[in-house]
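See below for the structure under consideration.
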Amino acid sequence: MHPQKKRLAGYVTTVGIAFTLALLVGYTAIGRQVDADAYDWMFRLHPPHTDKARSAMVTIDEQTFAKLGGIRRIRAILAEALEYLASASPKVVAVDLTLVDTGDPQDDQRLEEAMRRTRCLVLAAEMSPGGKDWQDPLPRFRKWAAAVGHVHAAPDEYNGIVQQVPLEKAIGQRRYWALALEALRLSLGEQPIVESPDDLQVGGITIPAKRGDARSVYVRYLPAGLDGATSIPRVSVAQLHAEPALAKHFREKVIFVGVTAQSAARDRLMTPCSAGQPLPGVEIHANTFETLAGGRFLTRASNTSVFLVSGLLATGASLIFAFLWGWPAYTMAGVLLAVAQATPHIFFLQDIVFPYTAPIAAAWLTVVSAAGYQHLVVRRQLRLAEAEKTRYQQAVHFVTHEMRTPLTAIQGSSELMRRYPLNEEKRRQIAELIHSESRRLARMVETFLNVERLSAGQMELRREPYHPAELVKICVERAQPLAARKAIRLVLGPLPDDQIVGDRELMEYAVYNLLTNAIKYSPAETEVRISAWRRGEYLHLAVKDQGIGMDEEEVRNVFQKFYRTRSAVASGEAGTGIGLSIVEQIVTHHGGRIEVESSPGKGSCFTLVLPAPVSAGAREK
């Protein structure tokens, strides 16, 4: 596979895993809670338009209980409220009180009479605590009601906020529509509710409430005032009692009657705009009615759209780090994260509730994964590619540097044979020289390839026993002609007759390289001393010259590839600076090390320290 395609496939795989994990995070309890909290924040940031309210509330508050007899007389208080409303001719009156039990006979009689006089009355039904049956209004009250609606809200299971209200509740074959929906139906002239799997239609209003979601709708709560209450007009029963003329403001409105006193209201719930104070049920129902009557609904984004948007963000992260590097990649990644952050907000402005966790998690996880893949995998691959390129360049330098001498000898000898008539003896000598130099060239090539394979981890050292003393003598004989040209004496010190195990050919290259370097960088008529000794389980083999030497900084860098000291360059001797790096690799792969002692103008001493375990027989001796 082409490297670029391979890298792109790696990005896609890595980002695909991160994308899958992001989607799973979106469906966890933590993800759902974050989605719910984000919805509440966006709702407060963009409250609905404050058009003139179509409804109003008559509330039974603390002041009402204090002035009109307390909670024991709640039915008498409700009757008095209905009496005031009957004179105002509202469109609909919805009562958020469950009249299940029999009360004081006089209060019940008064309440029944007030209901008889009320136009388009909607009464409340509630599920029993076990959810097995309905708690309906008493028959004496129900017969005067134009409709009965349930009064259940649906607090979010993850943060307890009432974002939605179910428009339908059923137990067995018995079903009730929501109190607010029944109020809407009656306010539109008792229009029928037309059902389909995806919505409800009441008059000319289409409500996007799916059957599979209990026909739930998001409530667009009107903005809250300083007291936390929404801006739907309200009058308490105590105020009506003191000033009955206030009832005239309720003409042709939909009125919701309920308890708001904290000491008596059982259904106070938190909403996105309740400003830290729970909202009484009657106020939630009034806001639900305003939402339905306004006809502008919030709808939940489909799973398909969530998947597609999150997938686009993940794809963007993959492409950014597949084709960009450095600050341009991270700048574009920052833009992508900003887009992901803004996505739920943009959808909300279009009346679509888009989850917050899925796109944010998809963007962050895929960006981090793609950036990590680029940093840890792609950069490593590029470093390896650069290393391979460098190795190739080193090979070219090695050929140029190390093979120049044998090639020159071969070319010169063949030129002599071509241009001059030589006798048989001379031809034989030249042929032997060509043969010897060609074999030497072949050994150089093999040595170089072996070192390269060792560095790349593609081969193991040959392990065979050999005598270092014999190896040193061979190297000295090979280097003798080069030393003779400069009248340099090669002095052999004591050489122990030990046997060690390793790759003989590679070690021969290492020792010969040290010898030739000592000769090249030593003045004429000096000496190069070669000696060896055992110290514990290590064999020390030293090559000491009286040459140009090196300072401390040069000693630290001498084994770097292509490094040449200032004195070496100034000497005019040809070289590329890779010989000692190859020697170090050979010795290191043998489990040894190189020690260097040098001073400028006083020469250098390179010592190979090689493992040479003492045999059991030798210890006994």
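Data table
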| quantity | calculated |
| --- | --- |
| Matching residues in segment 406-445 - criterion: being exposed (fewer than 13 other Cβ atoms within 10 Å of the Cβ) and of a type outside the set (S, T, N, Q) | Glu415, Arg418, Arg419, Tyr420, Pro421, Glu424, Glu425, Arg428, Glu432, His435, Arg439, Ala442 |
| Of residues in segment 582-621 being within 24 Å of Val501 (Cβ to Cβ), among the hydroxyl-bearing types (Ser, Thr, Tyr) and surrounded by 13 or more Cβ atoms within 10 Å (Cβ to Cβ), the one modelled with the lowest pLDDT | Thr588 |
| Index of the failed condition, His49 passing every other in (1) over 44 Å from the mean Cα position of the chain (by Cα); (2) part of a loop (DSSP other than H, G, I, E, B) | (1) |
| Scan of segment 127-143 for residues that are surrounded by fewer than 18 Cβ atoms within 10 Å (Cβ to Cβ) and either at negative phi or charged (D, E, K, R) (or both), ordered by number | Met127, Ser128, Pro129, Gly130, Lys132, Asp133, Gln135, Leu138, Pro139, Arg140, Arg142, Lys143 |
| Total residues in segment 288-308, condition among the β-branched types (Val, Ile, Thr) and either farther than 20 Å from Val148 by Cα or in a loop (DSSP other than H, G, I, E, B) (or both) | 3 |
| Count - residues of segment 258-287 that are among the small types (Gly, Ala, Ser) and assigned to a helix (DSSP H, G or I) | 2 |
| Matching entry among Phe321, Phe289 (being touching a helix residue (DSSP H, G or I) at 6+ places or on another chain (Cβ under 7 Å), within 30 Å of Val92 (Cβ to Cβ) and crowded, with 23+ Cβ neighbours inside 10 Å) | Phe289 |
| Any pair with Cβ under 6 angstrom, 6 or more apart, that starts in segment 142-162 at a residue that is over 14 Å from Val219 (Cβ atoms) and ends at one that is of a type in the set (S, T, N, Q) | Tyr158/Gln33; Asn159/Gln33 |
| Of all residues making up segment 98-126, the number that are surrounded by fewer than 19 Cβ atoms within 10 Å (Cβ to Cβ) and among the aliphatic types (A, V, I, L, M) | 1 |
| Residue count for segment 82-119, restricted to those that are of a type in the set (Gly, Ala, Ser) and touching a residue at least 60 places away in the same chain (Cβ under 8 Å) | 4 |
| Filtered residue count, segment 171-188, keeping only those that are among the small types (Gly, Ala, Ser) and in a strand (DSSP E or B) | 1 |
| Test: residue in segment 460-471 that is modelled with pLDDT under 90, within 20 Å of Leu580 (Cβ to Cβ) and of a type in the set (A, V, I, L, M) | yes |
| Residues of segment 35-56 classified as modelled with pLDDT of 90 or more and farther than 18 Å from Thr271 by Cβ, total | 1 |
| In segment 489-508, the residues that are in contact (Cβ under 8 Å) with a residue 40 or more places away in the chain and under 14 Å from Leu461 (Cα atoms) | Ile500, Gly502, Asp503, Arg504, Glu505, Leu506, Met507 |
| Matching entry among Ile255, Ile232 (being assigned to a strand (DSSP E or B) and not polar (S, T, N, Q)) | Ile255 |
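Listed here are the residues, each with its yes/no results for (1) closer than 19 Å to Gly258 by Cα; (2) at pLDDT 90 or above; (3) part of a strand (DSSP E or B); (4) not small (Gly, Ala, Ser).
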position	(1), (2), (3), (4)
Val58	yes, yes, yes, yes
Lys67	yes, yes, no, yes
Arg73	yes, yes, no, yes
Ile77	yes, yes, no, yes
Leu82	yes, yes, no, yes
Leu99	yes, yes, no, yes
Gly131	no, no, no, no
Ala145	yes, yes, no, no
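The values are calculated or read from the model by the stated rules, or taken from the named source; none is laboratory data. This is a predicted model, so every value here is computed, not measured. Every residue, glycine among them, receives a Cβ derived from its backbone with ideal geometry; neighbour counts consider all protein chains shown.
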